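Beneath this line is the structure, given in structure tokens, with notes to follow.
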Amino acid sequence: MTAGGPQAAAAAAGTTSRAQRPTPGDGGATAAEVPLYAKREAIYQKEIQGPFQRLRAVTLFVLAGIFLVGPWLRWGERQAVWLDVPARKFHLFGLTFWPQDFIFLSWLLIIAAFSLFFFTALAGRLWCGYACPQTVWTKFFMWIEWLTEGDRNQRIRLDRGPWTREKILRKAAKHAGWLALAVVVGTTFVGYFLPIRDLLPRIASLQLGAGEWVFLAAASLALYGDAGWMREQICIYACPYARFQGAMFDQSTLTVFYDRGRGEPRGHRSRSADYRALGLGECIDCGLCVHVCPTGIDIRDGTQYQCIGCAACIDACDQVMDEMGYPRGLVRYTTEEALAGQPTRILRPRLVAYGAVLAVMVTVFAWALWHRVPLAVDVLRDRARLYRQTADGAVENVYTLKIMNKDQRTHAFAIGVEPADRFVLDGPRDVTVAAGAIVDVPVRVRRPAESEAPPSARVTFSVRAVDAPALLVREESRFLGPRPPGT
């Protein structure tokens with residue numbers, strides 16, 4: 001792909017979103033206008049080694065390993081991490097979440113959003129470059145591509161050359177590797193929903209149902225098309241983060257910059273030449289920073305929303321600087337303030353606000369999760385008959401208690417009614433509920449004739465585990481009765 005990547009296609013595209021403002025750190029130069037959509041051009045990324053790429057490789061392998069090992073972990077008699085959709089339960093090690101626990105998922109998503117805000121304001125697109133699933137699996141697909149077709153120049157020659165036996169074999173090996181990895185990852189993904197120890201034998205014996213085959217094929221083909229074919233198009237056009245991340249940047253955000261003050265004017269020269277005498281900067285215009293970029297941009301054009309902060313251009317440029325005998329850091333992680341010779345403010349109002357909100361939310365979430373009671377009780381009043389009055393003047397209401405045991409073991413529960421001096425419980429006073437089960441318990445609550453309770457009053461049902469007194473839930477309802485004569 002030519003230097004500038006998707007931006008180079010802007011000249012050929014007739015419609016652009018808007019003129020770009022001067023990009024930070026580029027000395028006031030205006031970036032090329034970016035089309036709303038540009039047809040994908042093949043990006044022949046060059047493999048590069050360096051400290052940041054080694055860090056990325058370790059991170060990617062750790063994250064991929066966690067994903068692949070996750071469904072194989074056991075917790076007692078079941079899978080440790082299991083999204084049991086048919087039973088509407090989510091098992092996470094010793095915890096089981098039900099639809100009634102949706103608040104925890106919502107809370108977790110909000111925490112994730114604030115974490116993204118905090119780390120983006122602090123150090124740019126760290127998530128995109130080092131931890132995003134799109135980045136993780138695309139990098140593995142690229143490694144397969146490098147292994148089967150060679151590095152950048154070899155792949156360019158292969159694609160531009162005629163269809164020979166070698167080309168067919170290399171292309172077939174690449175796509176076979178891609179499909180094999182996609183099937184492994186897709187099967188693992190499905191294994192979080194269907195127990196993987198049962199899933200694999202059923203796949204081998206072709207005993208999956210039609211819906212399960214569709215689920216498996218969709219998960220595998222989605223990864224194959226995403227990481228194999230679409231790649232940077234997902235980051236540029238499909239991912240909303242690329243569009244709004246600029247709102248979280250400021251002059252103190254640490255991100256990848258090209259130092260124009262050192263590098264310009266760029267130009268070729270011999271290693272022994274005095275570039276200052278030639279009126280040149282330290283950039284030798286080798287284009288290596290473009291060749292190693294996974295999205296095909298030229299970092300020398302200033303900060304761009306396509307940049308995922310992977311630091312491949314930093315490692316590439318540092319190697320060139322070492323070969324030329326120049327100081328490293330022509331392309332580096334830095335801030336606009338540092339480039340302008342100003343001190344960088346790490347603690348600033350935006351970052352402090354994000355951090356404070358994030359810390360409070362994480363603390364409260366952890367406290368709520370720790371004190372979560374794995375028991376739910378719903379009280380349903382019999383609406384067919386509001387109340388019944390007995391011959392001795394007592395008044396009765398009928399209820400159904402839906403007791404949900406969200407714990408990992410069976411419990412015997414004692415049922416009570418409060419206030420005990422006004423109401424009497426008629427019906428089962430204890431019930432055994434298996435782990436993960438829901439039991440309906442019909443009960444009657446009687447108000448004796450001599451009770452001084454008003455016609456309509458609050459009644460509280462208590463459900464407590466006999467073997468675990470801390471497992472207690474109180475649920476309120478209304479008790480209805482006739483109005484006294486003359487009112």
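The values are calculated or read from the model by the stated rules, or taken from the named source; none is laboratory data. Since we're looking at a predicted model, the values are computed, not measured. Ideal geometry is used to build each Cβ from the backbone, glycine not excepted, and the neighbour counts take in all protein chains shown.
A few notes on this one:
- Remark: pairs (first residue in the range 472-483, farther than 16 Å from ARG381 by Cα; second residue in a loop (DSSP other than H, G, I, E, B) and among the polar types (S, T, N, Q); Cβ separation under 9 Å; 6+ apart in sequence or on different chains) are absent.
- The single condition among (1) touching a strand residue (DSSP E or B) at 6+ places or on another chain (Cβ under 9 Å); (2) modelled with pLDDT under 95; (3) not in a strand (DSSP E or B) that GLN49 does not satisfy is (1).
- You will find that of THR138, THR188, the residue that is in contact (Cβ under 8 Å) with a residue 24 or more places away in the chain and over 22 Å from PRO294 (Cβ atoms) is THR188 and no other.
- No other residue among ALA227, ALA238, ALA222, ALA277 is touching a residue at least 60 places away in the same chain (Cβ under 8 Å) and either under 22 Å from ILE43 (Cα atoms) or out of contact with any Lys or Arg (no Cβ under 6 Å at 6 or more places or on another chain) (or both) apart from ALA227.
- When residues of the range 310-349 are limited to those that are hydroxyl-bearing (Ser, Thr, Tyr) and within 30 Å of SER272 (Cα to Cα), the one surrounded by the fewest Cβ atoms within 10 Å (Cβ to Cβ): TYR333
- Residue identified as buried (at least 19 other Cβ atoms within 10 Å of the Cβ), out of contact with any Cys (no Cβ under 9 Å at 6 or more places or on another chain) and hydrophobic (A, V, I, L, M, F, W, C) among TRP107, TRP137, TRP143, TRP163: TRP137
- Evaluation of ARG276 against the conditions (1) at pLDDT below 90; (2) more than 30 Å from PHE117 (Cβ to Cβ) shows that the sole unmet condition is (1).
- Any hit, the range 399-410, residues being over 30 Å from ALA112 (Cβ atoms) and aromatic (Phe, Trp, Tyr): yes
- Of all positions in the range 370-387, none carries a residue that is of a type in the set (Ser, Thr, Tyr) and within 22 Å of ALA87 (Cα to Cα).
- All helices (runs of 4 or more DSSP H) inside the range 73-166 with 1 or more residues being closer than 30 Å to ASP250 by Cα and out of contact with any helix residue (DSSP H, G or I) (no Cβ under 6 Å at 6 or more places or on another chain): 102-123, 133-149
- Some residue of the range 363-381 being over 30 Å from VAL445 (Cβ atoms) and among the acidic types (Asp, Glu): no
- Among the residues of the range 434-446, those that are out of contact with any Ser or Thr (no Cβ under 7 Å at 6 or more places or on another chain) and over 14 Å from SER477 (Cβ atoms) comprise ALA437, ILE438, VAL439, ARG446.
- Residue match in the range 301-309 (condition: at positive phi, crowded, with 19+ Cβ neighbours inside 10 Å and assigned by TED's automatic domain parsing to the domain that holds ILE346): yes
- Residues in the range 435-464 that are touching a strand residue (DSSP E or B) at 6+ places or on another chain (Cβ under 6 Å) and not hydrophobic (A, V, I, L, M, F, W, C): ASP440, PRO442, ARG444, ARG446, ARG447, SER456, ARG458, THR460, SER462, ARG464.
- Qualifying residues in the range 122-134 (those that are aliphatic (A, V, I, L, M) and surrounded by fewer than 17 Cβ atoms within 10 Å (Cβ to Cβ)) - the one farthest from ALA64 (Cα to Cα): ALA123
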